[in-house]
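See below for the structure under consideration.
The values are calculated or read from the model by the stated rules, or taken from the named source; none is laboratory data. These numbers were taken from a predicted model, which means no experiment stands behind them. Reconstructed Cβ throughout: ideal geometry from the backbone, glycine too, with neighbour counts over all protein chains shown.
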Amino acid sequence: MKVAIGCDHAGYDLKQEIIVHLRAEGYTIVDCGAFSRDSVDYPDIAATVTAAVLEQDIPGVIICGTGIGISIAANKIKGIRAALCSDCYTARMAREHNNANVIALGARVIGPGLAVEVVKTFLSSSFAAGRHQRRVEKICQLENTSLREE
Ligand code: RB5
């Protein structure tokens, strides 16, 4: 299974650690940067990761200091459902109920041990469909909704 992963400078160390663990589990990694601790802007990384997610139809992992900025940025992209998770329960629900295709993590919020487990839980969970299908379809409809009268 292939996974796209990206971070800003605040998430660099955690990204490197997650990559090591995912490779050991047999995942192929699409590393979208950052490639050092030098300062970068998280919307740029969100754009790169979400492009890989949509073009290759693979899940994504995005990391910034809190996970907030990068998840807000990712969710501006049509077709992206990015869930900010700090525990395994919400990581599983994000997939089962919300069909999230991206998980966001806050490197300054959770430790690396938990973060790795949260990502593994996300990647090994899948959409439950059923009653959740209609709700996710409504999320997709919102992407095409304009509040302005034309
Ligand atoms: C960078 O200092 C920090 O603002 C960023 O990583 C993230 O936490 C923003 O939401």
Among the candidates Arg108, Arg81, residue that is within 14 Å of the ligand (Cβ to nearest atom) and either charged (D, E, K, R) or touching an Asp or Glu at 6+ places or on another chain (Cβ under 9 Å) (or both) | Arg108
Within the range 128-144, considering residues that are under 23 Å from Ile70 (Cα atoms) and either outside any helix (DSSP H, G or I) or of a type in the set (S, T, N, Q) (or both), the one modelled with the highest pLDDT | Gln141
The listed residue being closer than 17 Å to Ala91 by Cα and either touching a helix residue (DSSP H, G or I) at 6+ places or on another chain (Cβ under 6 Å) or of a type in the set (D, E, K, R) (or both), out of Gly60, Gly67 = Gly60
Go through the range 1-51 and give me each residue that's of a type in the set (Gly, Ala, Ser), over 13 Å from the mean Cα position of the chain (by Cα) and not in a helix (DSSP H, G or I).
-> Gly26, Gly33, Ala34, Ser36, Ser39
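Residue-wise test of (1) over 12 Å from the mean Cα position of the chain (by Cα); (2) in a helix (DSSP H, G or I); (3) closer than 19 Å to Ile18 by Cα; (4) of a type outside the set (Gly, Ala, Ser).
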position	(1), (2), (3), (4)
Ile62	no, no, yes, yes
Lys76	yes, no, no, yes
Ile80	no, no, no, yes
Asn98	yes, no, no, yes
Val119	no, yes, yes, yes
Ser126	yes, no, no, no
Cβ-Cβ below 8 Å, separation at least six or inter-chain, first residue in the range 86-109 and on the phi > 0 side of the Ramachandran plot, second outside any strand (DSSP E or B) and more than 16 Å from the ligand (Cβ to nearest atom): which pairs?
-> Asn99/Arg81; Asn99/Phe127; Asn99/His132; Asn99/Val136
Output yes when any residue across the range 97-106 is farther than 27 Å from Cys140 by Cα and either crowded, with 18+ Cβ neighbours inside 10 Å or at pLDDT 95 or above (or both), and no when none is.
-> no
Looking at the range 48-78, which of its residues are away from the ligand (no atom under 16 Å from the Cβ), surrounded by fewer than 24 Cβ atoms within 10 Å (Cβ to Cβ) and without any contact (Cβ under 8 Å) to a residue 60 or more places away in the chain?
-> Ala51, Ala52, Leu54, Glu55, Gln56, Asp57, Ile58, Ile77
Counting only residues in the range 21-47 that are β-branched (Val, Ile, Thr) and within 12 Å of the ligand (Cβ to nearest atom), the one nearest to Glu137 (Cα to Cα) is identified as Ile45
